[in-house]
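Each remark here refers to the structure printed beneath this line.
The values are calculated or read from the model by the stated rules, or taken from the named source; none is laboratory data. Please read these numbers as outputs of a predicted model, since none were measured by experiment. In this analysis, Cβ positions are derived from the backbone assuming ideal geometry, glycine residues included, and neighbour counts consider all displayed protein chains. The protein model used for the area step is the full one, side chains on, heavy atoms only, and it has no ligands, DNA or RNA in it. Shrake-Rupley method; radii C 1.70, N 1.55, O 1.52, S 1.80 Å.
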Amino acid sequence: MKTAEELVQLLSLEKIEQNIFRGENYQAPWKRVFGGQVLAQALYAAYQTVPEDRILHSMHGYFILTGDISMPILYEVDRIRDGGSFTTRRVSAIQNGKAIFSSISSFQSNQEGFNHQISMPNVPSPDALVSDLVLLEAFKEKAPDFYKNFAHPRPLEFRPVEKINPLKPQKQQPFRHVWIKANGELPNDLRLHQIILAYAADYNLLGTATLPHLDSVSLNDLFLASLDHAMWFHEDFRIDEWLLYALDSPSASNSRGFTRGNFFTEDGKLVASVVQEGLIRVKK
């Protein structure tokens, strides 16, 4: 999967009957269903049952079981509430009769109100940086296992501000900044851009929580898995234009890492925020 068009096809579910949809899986090289895919497909399913004037403002989800990459996922939508301003939907992602993911999403009609935001971090522009795939080429022969795990085609381009050398891992502060953009032009549909941003938001989160510990363990020695995920959408945006993903990890404890993230446009507008907690264990 190399282009935004391919990603849109993956996230566009087949309608089985009212409130029930079916999705296929990205054949990820790590042989597990990618959490961002389930997040985005669940949001797609919810959006199919929401009035046209309602736009997502928040979603909260739990990853319950590891998904089987070899079989489709069914998405069942529960139409919890249709109010005057807000619409609420619960979505269950199911395989083998069991829920592997559950989320609640809230959608709102456009309304006027107060506006404020924090400032975007002062970091180099994406034009001054190169993609992570270009950076990884330097380790193709020197660190083949690391290269194999992380160097694979994606429908999104990532340009990291901070660099990590897998041959000389060093303890770092739990902060990271990555520019993200879809590979290809997308339709002018805010719903679609939100769905793809939900997919993109699952990248880099747990990795940020490992940064203070890279002096004692290699990334290849860690097992990472998302436990829960929440997103809030503040302003309109396009995922086929550069967005800065500014991440920090305030805490890690009891084999869990907690990470936050904010998405900014190039001109500094805060468009979305993310929090996630995930499992971080040393492989046996």
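Taking segment 191-207 on its own, how many of its residues are out of contact with any helix residue (DSSP H, G or I) (no Cβ under 9 Å at 6 or more places or on another chain) and crowded, with 24+ Cβ neighbours inside 10 Å?
To start, the set of residues in segment 191-207 that are out of contact with any helix residue (DSSP H, G or I) (no Cβ under 9 Å at 6 or more places or on another chain) comprises 193, 204-206.
Those left that are additionally crowded, with 24+ Cβ neighbours inside 10 Å: 205-206.
Number satisfying all stated conditions: 2.
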Index of the failed condition, Glu162 passing every other in (1) without any contact (Cβ under 8 Å) to a residue 12 or more places away in the chain; (2) in contact with a Lys or Arg (Cβ under 7 Å, 6 or more places away or on another chain):
(1)
Among the residues listed as Ala93, Ala45, Ala40, Ala138, the single one being out of contact with any strand residue (DSSP E or B) (no Cβ under 9 Å at 6 or more places or on another chain), among the small types (Gly, Ala, Ser), modelled with pLDDT of 95 or more and under 23 Å from Tyr203 (Cβ atoms)
Ala40
Could you run through segment 251-268 and say how many residues are more than 19 Å from the chain's Cα centre (by Cα) and in a strand (DSSP E or B)?
3
Hits in segment 35-57 - residues which are open to solvent by less than 10 Å² (accessible area, probe 1.4 Å) and in a strand (DSSP E or B):
Leu56
If Lys171 satisfies all but one of (1) buried (at least 21 other Cβ atoms within 10 Å of the Cβ); (2) assigned to a loop (DSSP other than H, G, I, E, B), what's the number of the condition it fails?
(1)
Scanning for something out of contact with any strand residue (DSSP E or B) (no Cβ under 8 Å at 6 or more places or on another chain) and either of a type in the set (Val, Ile, Thr) or within 23 Å of Pro126 (Cα to Cα) (or both), does segment 233-247 turn up at least one residue?
yes
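Residues checked against (1) surrounded by fewer than 18 Cβ atoms within 10 Å (Cβ to Cβ); (2) farther than 28 Å from His57 by Cα; (3) of a type outside the set (Val, Ile, Thr):
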| site | (1), (2), (3) |
| --- | --- |
| Asp82 | yes, no, yes |
| Ile100 | no, no, no |
| Gln108 | yes, no, yes |
| Lys140 | yes, yes, yes |
State the number of residues belonging to segment 1-26 that are touching a residue at least 12 places away in the same chain (Cβ under 8 Å) and either among the aliphatic types (A, V, I, L, M) or under 16 Å from Leu74 (Cα atoms) (or both).
18
Out of everything in segment 170-212 that is of a type in the set (D, E, K, R) and farther than 17 Å from Glu157 by Cα, what residue ends up being nearest to the chain's Cα centre (by Cα)?
Arg191
Does Phe86 qualify as being more than 22 Å from the chain's Cα centre (by Cα), open to solvent by 30 Å² or more (accessible area, probe 1.4 Å), over 22 Å from Arg22 (Cα atoms) and at pLDDT 95 or above?
yes
Single condition Phe63 does not satisfy, out of (1) touching a helix residue (DSSP H, G or I) at 6+ places or on another chain (Cβ under 7 Å); (2) open to solvent by 50 Å² or more (accessible area, probe 1.4 Å)
(2)
Qualifying positions in segment 113-138 - among the small types (Gly, Ala, Ser), part of a helix (DSSP H, G or I) and within 24 Å of Ala272 (Cα to Cα):
Ala128
For segment 228-250, which positions are of a type in the set (A, V, I, L, M, F, W, C), surrounded by fewer than 23 Cβ atoms within 10 Å (Cβ to Cβ) and outside any strand (DSSP E or B)?
Phe237, Trp242
Within segment 1-18, take every residue that is of a type outside the set (D, E, K, R) and open to solvent by 100 Å² or more (accessible area, probe 1.4 Å) and give me the one that is nearest to Ile195 (Cα to Cα).
Gln9
Out of the residues in segment 176-190 that are part of a loop (DSSP other than H, G, I, E, B) and among the charged types (D, E, K, R), state the one that is most open to solvent (accessible area, probe 1.4 Å).
Glu185
